[in-house]
1. Using a 10 Å cut-off on Cβ to Cβ distances, tally the other chain neighbours for every residue of A:275-282 and report the average as a whole number.
2. Could you check which residue among A:Leu173, A:Leu66, A:Leu129 shows the biggest mean-square fluctuation in a GNM of chain A with a 10 Å Cα cutoff?
3. So if I take the alpha carbon set of the protein assembly as shown, get Rg, then get Rh from the Kirkwood formula, what is the Rg over Rh ratio?
4. Quick one: Cα centre-to-centre distance for the stretch B:1-73 and the stretch B:183-202, in angstrom?
5. For the stretch A:13-60, what is the convex hull (Cα atoms) projected area averaged across all directions, in square nanometres?
6. Find the relative contact order for chain A and round it to a whole percent, using C-alpha pairs within less than 8 Å whose residues are 6+ positions apart.
7. Which number do you get for Rg(Cα) / (2.2 N^0.38 Å) in the stretch B:5-136?
8. Based solely on C-alpha atoms, express the radius of gyration and the Dmax of chain A in angstrom.
Amino acid sequence: MIKVGIPRALLYYQYYPMWRTFFEELGAEAIVSPVTSRVMLQEGGARVVADTCLPVKIFIGHVLSLIGNCDFIFIPTIRSIRKNTYNCSKFLGLSAMTRAAVPEAPPILDIMVDVNKGRLRLYQAIYRLGKNFTPYPHKIRQASLDAWRTQLKYRYMMSNRGLTQPQAIAKVLGTSTPESQVESPETKTTIAVIGHPYLLHDDFISHRIIPRLKQANVKVLTPEMLADTTLESAVMKVMGRIQWTCESEIVGAGEHYLRSDVDGVINVMAFGCGPDSLMMDVIRRQATRLRSTPFMNLTIDEHTSEVGIITRLEAFMDMIYRKQRARVAVCG
Amino acid sequence: MEAYLGIDVGSVTTKLAVLNKDAELMAALYLPTQGKPITTVQEGLRQISEQLPKDLEIRGAGTTGSARYLAGVIVGADLVRNEITTHAVATLQYIPDVQTIFEIGGQDSKIIIIRDGIITDFAMNTVCAAGTGSFLDHQALRLNMSIEELSQRAMESQKPVRIAGRCTVFAESDMIHKQQMGYRIEDILYGLCQALVRNYLNNVGLGKEINPPIVFQGGVAFNRAIVKAFQEELNTEIIVLPHHEVMGAIGTALVVHEEMSAGQRESQFKEFSISDLEYHTSSFECKACPNLCEIAQLSQNDQVLARWGGRCDRWERSPESSRH
């Protein structure tokens, strides 16, 4: 059986169930790299120029960890999934950059997704990808339809049932979720954590921000729990138009949660990320303007010590608890 | 006589404060950490106990600062609290209507925004140390000057020179350049203070609503030239409290006081005599997974008191968990 390696980084969090369905339908096996570790960051970081952002360094580390375990590595180029809205340049050049940085990697399967070029071009791209596994066009068509159905189901689980991406992936694959879905009744505080899924759900990069909050009995909301239409209209409200593919994860989710009844919003961004630095600023200004919800930005880079993150999280939660206590004292 | 102890172990200095039951300051201490938090805390306890009456009973102890967990284990702290909360609580005790707190320490700086006596926003510096005390320390060292002298000379400036304060490295080359051009050292030094203030306001204070009353605290508030530069930049009065350098410790003692009097708990404080005990720290690399975490451990007489530094809880051990 042909083995297709999928790095557990970047777009993995948004599309893994879809990709896996596609490859399995075509008789291949999807192999996912293990969870991020310090070794991956060290090895990945050594292959690329120093200015490369942390998530890409980690991506290269994941590719390195797949060498020897698979026949192909799948690195799609998601250029645009919405008309006149484009992805960050690091995503556009990812497969080319990987080829240059990791010459010993198995052949890279690439597919260019750009909806601006029309449906036909997209179908042709899917067909070209499928041809690596089968000569029959109808099988490729069936596999891509099944994959799309999986994607819709996956997205529904998050936006309608409040699952996070790792939880929904576990559900789609039928593996048991490590943490139970039942929230303890005494969770009184809700925090929205916004940012790219490859930062929020990678416990190595994020220093376990979400598990730490949950441990402190806080209910955590993330961008993927909102429907795409909600996210997009929130971006439109703030910006007037949607420019970046990933804009809804930060500007959309940020705007929505700042106006909702959450007790606080935490934005997680990677140091050196161009789009993030612009989008974070939009939300920070919005938080200042609205004055309704406490907001904190956490910038993460490879040198960030856990202590710095813990201190800020503690101070942020303390601020919210003291505020709640003061409100109780005034009212009651 | 009952009292409450707060200890703030920062990167550069360690601060201790003891409050009586009416939250009045009985004793305070400010000493350099010198990279040895454990012995500094022990030494601090020894020194402060000499200032205190013999019949004093510590009803609660707390720690804050970057070494708060380590210090907490050593003294038997009843609570360990972050620096933001403790600084704000202390300032509110003295200036109840404070709206903005600037705190500049050795390696980090913070801004705390307070409205109606409640923290509503805060920020701490990120990777950059250009707006902190170590920036000034470094420049004073280079000019072969004590930090006190730097402050004094800067106050004599008549026509400050503009120094690029974006980064310590650039500021240094800019200063050297200005020195070589023949500008007066006083003017360069005050220019440096202005650069630090600009850097602080543009980094830590970015997007924050800075309203008076503004209270400035932390070690750098000793520097009158910085206070003056803040006043000129913001065109408003900057309040520097008498015990501005120990506010973190005072705030910790206040929080301990508040929580211990409410909860009727017995304090875990291990007495001032812990200054005679021998503590050892060591570290090792955990090889259980590819993360290769560096685990630090604190032990006393071959008994491990605490371990931390892991990404999972395989090695985590705090005094609470070992007690069961």
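The values are calculated or read from the model by the stated rules, or taken from the named source; none is laboratory data. This structure is a prediction, so every number in the text was calculated from the model and none was measured. Reconstructed Cβ throughout: ideal geometry from the backbone, glycine too, with neighbour counts over all protein chains shown. Note: areas computed on protein heavy atoms with side chains; ligands, DNA, RNA excluded. Shrake-Rupley method; radii C 1.70, N 1.55, O 1.52, S 1.80 Å.
1. 0
2. Top of the fluctuation ranking is A:Leu173.
3. 1.01
4. Using only Cα atoms to place each centre, the spacing works out to 34 Å.
5. With the hull built on Cα positions only, its mean projection is 4.1 nm².
6. 16
7. Compared with the compact-globule rule of thumb, the stretch B:5-136 sits at 1.08.
8. My reading of the Cα-based Rg and Dmax gives 20.4, 73 Å.
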